[in-house]
Amino acid sequence: MAVTRTFSIIKPDATRRNLTGAVTKMLEEAGLRVVASKRIHMTREQAEGFYAVHSERPFFGELCDFMMSEPVVVQVLEGEDAVTRNRDIMGATNPADAAPGTIRKEHALSIGENTVHGSDSEENAKIEIDFFFKPEEIVG
Ligand code: DAT
Ligand code: MG
């Protein structure tokens with residue numbers, strides 16, 4: 001299996017509860033390495049641009065408002081089959097459906113306030129990494 005990269009966000013519900021370290025520890029224990037990380041407060045432009053794929057969904061406004069509500073930590077994660085590995089440790093979108101031991105099962109508050117974002121394909125990982133990081137900010 002090839003070493004690849006994925007894009008992660010530690011969402012406002014987690015930064016607000018001081019869970020940045022706890023979430024990062026779960027990512028690291030799942031075999032992912034943080035090769036870039038920064039804490040930012042998203043602008044509306046960033047939130048709406050990043051989630052443009054969901055712009056027709058009924059929860060789009062709520063989603064963007066939430067992502068702008070408090071700081072987030074954007075990260076690039078590296079590891080074997082990083083996209084799938086990250087999706088596995090994140091757990092299902094709705095924490096009620098997430099498997100025991102996953103980040104969302106352990107920490108998420110609701111389907112909206114669900115603690116982490118993770119890219120859903122290698123193609124999207126590249127787009128999402130480029131959205132938030134310059135190449136020189138990533139140190140593998
Ligand atoms: P995921 O974050 O697991 O990739 P997604 O891409 O389908 O899930 O949706 C993006 C985010 O939008 C999700 O993390 C939380 C929010 N969301 C999804 N479905 C929702 C719903 N039914 N109600 C409220 N927020 C929702
Ligand atoms: Mg998604």
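The values are calculated or read from the model by the stated rules, or taken from the named source; none is laboratory data. Everything numeric in this text was worked out from a predicted model, so none of it was measured. Here the Cβ positions follow ideal geometry from the backbone for every residue, glycine too, while neighbour counts run over all protein chains shown.
Pick from 92, 108: which is crowded, with 20+ Cβ neighbours inside 10 Å and either farther than 20 Å from residue 133 by Cα or at pLDDT 95 or above (or both)? Before the answer, list the steps.
Numbers: 92 fails: crowded, with 20+ Cβ neighbours inside 10 Å.
None of the others qualify; the one that does is 108.
All but one of (1) small (Gly, Ala, Ser); (2) surrounded by 13 or more Cβ atoms within 10 Å (Cβ to Cβ); (3) touching a residue at least 12 places away in the same chain (Cβ under 8 Å) hold for residue 98; state the number of the condition that does not hold.
(3)
Somewhere in the range 38-47, is a residue within 15 Å of ligand 2 (Cβ to nearest atom) and out of contact with any Lys or Arg (no Cβ under 9 Å at 6 or more places or on another chain)? Can you show your working first?
The initial filter retains those residues of the range 38-47 that are within 15 Å of ligand 2 (Cβ to nearest atom), namely 47.
Those left that are additionally out of contact with any Lys or Arg (no Cβ under 9 Å at 6 or more places or on another chain): 47.
Within the range 38-47, one or more residues are within 15 Å of ligand 2 (Cβ to nearest atom) and out of contact with any Lys or Arg (no Cβ under 9 Å at 6 or more places or on another chain).
Here are the criteria: (1) aliphatic (A, V, I, L, M); (2) within 22 Å of residue 16 (Cβ to Cβ); (3) surrounded by fewer than 17 Cβ atoms within 10 Å (Cβ to Cβ). Tell me which single one residue 103 does not satisfy.
(3)
Could you say whether any residue in the range 121-129 is out of contact with any strand residue (DSSP E or B) (no Cβ under 9 Å at 6 or more places or on another chain), small (Gly, Ala, Ser) and at pLDDT 95 or above?
The initial filter retains those residues of the range 121-129 that are out of contact with any strand residue (DSSP E or B) (no Cβ under 9 Å at 6 or more places or on another chain), namely 121, 123.
Checking which are small (Gly, Ala, Ser) leaves us with 121.
Within this subset, residues satisfying the condition of being at pLDDT 95 or above are 121.
Yes, the range 121-129 contains at least one residue that is out of contact with any strand residue (DSSP E or B) (no Cβ under 9 Å at 6 or more places or on another chain), small (Gly, Ala, Ser) and at pLDDT 95 or above.
Of all residues in the range 49-85 being among the charged types (D, E, K, R) and away from ligand 2 (no atom under 14 Å from the Cβ), which is nearest to residue 138 (Cα to Cα)?
The first filter runs over the range 49-85 and keeps only residues among the charged types (D, E, K, R), leaving 56-57, 62, 65, 70, 78, 80-81, 85.
Those left that are additionally away from ligand 2 (no atom under 14 Å from the Cβ): 56, 62, 65, 70, 78, 80-81, 85.
Numbers: 56: 32, 62: 31, 65: 28, 70: 24, 78: 10, 80: 17, 81: 18, 85: 19 Å.
Out of the qualifying residues, it is 78.
Please state which one of 88, 97 is within 13 Å of the chain's Cα centre (by Cα) and within 16 Å of ligand 2 (Cβ to nearest atom). Show your work before the answer.
Numbers: 97 fails: within 13 Å of the chain's Cα centre (by Cα).
Checking each option against the conditions leaves just 88.
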